[in-house]
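Following: one structure in structure tokens, then a few remarks.
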Amino acid sequence: MMAKLIVISGPSGAGKSTVVREILSTCRQPICLSVSATTRPPRPGEIDGESYHFLTLEQFAAYRERGEFLECAEVFGRGDWYGTLRQPVQASLAEGRHVILEIDVAGAKAVMAEFPGVLSVFIHPGSTAELERRLRGRNTESDASIARRLAVAAEELTAVGLYQHVIVNHHVGQTVEQICRLIEQGEEHCTKN
Ligand code: ADP
Ligand code: 5GP
């Protein structure tokens, strides 16, 4: 089976990282997560090169100018940039590994335009109240950051129609199972434009 490019989006706090971590450990086929580059500072426990490639704004701009990003976007509108590096994604697909991109809606749109066969999944938190509960429960964001993420979330939730699959993440196990099933289905997904 051809390796698939998989885009997973959803508002911050919906449970994407939790779900993706489980997919990587339970999917029965070779699969990896694309490690994005970002200019935001690491959170406690995040490791450079594993969680993200943490770059300065200048480094990020240089990568961008060299065309090394498959897509990149300023997320949350306060100067933090995030981007998917082209080379590792192409190398993994060429080696027969499915690749997951955990990226925002703007980035997903860019990837869908370049790869019309991408498998796209939107992870929905169920409700805004639940989203806020999860963001607060994670204990990683200030009140201002939570407010900004909730405002962006309202906008992102209007984009669910762009995705082939919308999954309400009530239970991590069930969400993971549904996505693994989509990945393991035989359809050919990854066609380059
Ligand atoms: P994201 O990567 O989308 O920002 P996280 O994976 O960091 O979200 O999850 C946000 C918080 O919600 C975490 O504390 C996580 O443990 C919790 N969480 C994730 N999925 C669920 C779920 N289905 N039910 C309840 N809590 C969840
Ligand atoms: P966080 O700061 O919580 O790690 O990530 C926040 C947001 O950035 C998430 O909504 C995630 O989807 C998005 N994101 C992470 N990496 C990328 C990327 O490489 N490109 C784009 N466009 N968005 C990303």
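Values in this text are rule-based calculations from the coordinates and carry no lab data. Nothing here was measured: the structure is a model prediction, and the numbers come from that model. Using ideal geometry, Cβ is built from the backbone for each residue, glycine included, and neighbour counts are taken over all protein chains shown.
Calculate, in nm to one decimal, what GLU177 and ARG136 gain on full extension: separation in residues at 0.36 nm each, minus their alpha carbon distance.
12.1 nm
Amide H to amide H distances under 5 Å link PHE69 with ARG86, where only residues 5 or more positions off or on other chains count and H is placed in the peptide plane. Among the chymotrypsin sites (Phe, Trp or Tyr not before Pro) in the stretch 43-122, those located in a DSSP loop and surrounded by at most 16 other Cβ atoms within 10 Å of their own Cβ are PHE76.
The trypsin sites (Lys or Arg not before Pro) of the stretch 17-68 meeting both criteria, a DSSP state outside H, G, I, E and B (loop) and at most 15 other C-beta atoms within 10 angstrom of the site's C-beta, are ARG28, ARG66. Taking the three principal axes of the alpha carbon atoms in the chain, the coordinate ranges are 46, 40, 30 Å, sorted in descending order. Assuming R0 = 45 Å, can you tell me the calculated FRET efficiency for the pair ARG64 and THR128, based on Cβ-Cβ distance, to the nearest 0.05? So the FRET efficiency works out to roughly 0.85.
In this Cβ point-charge picture (+1 for Lys and Arg, -1 for Asp and Glu), the chain has a dipole of about 200 debye about its Cα centre. The stretch between ALA154 and GLU184 holds 7.7 nm of extra length on full extension. This uses 0.36 nm per residue minus the Cα-Cα distance. Between ALA144 and THR18, the contour length at 0.36 nm per residue exceeds the Cα-Cα span by 43.1 nm. Size descriptors for the stretch 86-128: radius of gyration and Dmax over Cα atoms are 12.4, 40 Å.
Express in whole angstrom the spacing between the alpha-carbon centres of the stretch 122-152 and the stretch 37-90. Between the Cα centres of the stretch 122-152 and the stretch 37-90 lies a distance of 22 Å.
Less than 12 Å Cβ to Cβ from ARG64, Lys/Arg counted +1 and Asp/Glu -1: what total charge do the surrounding residues give?
Charge balance near ARG64 sits at -3.
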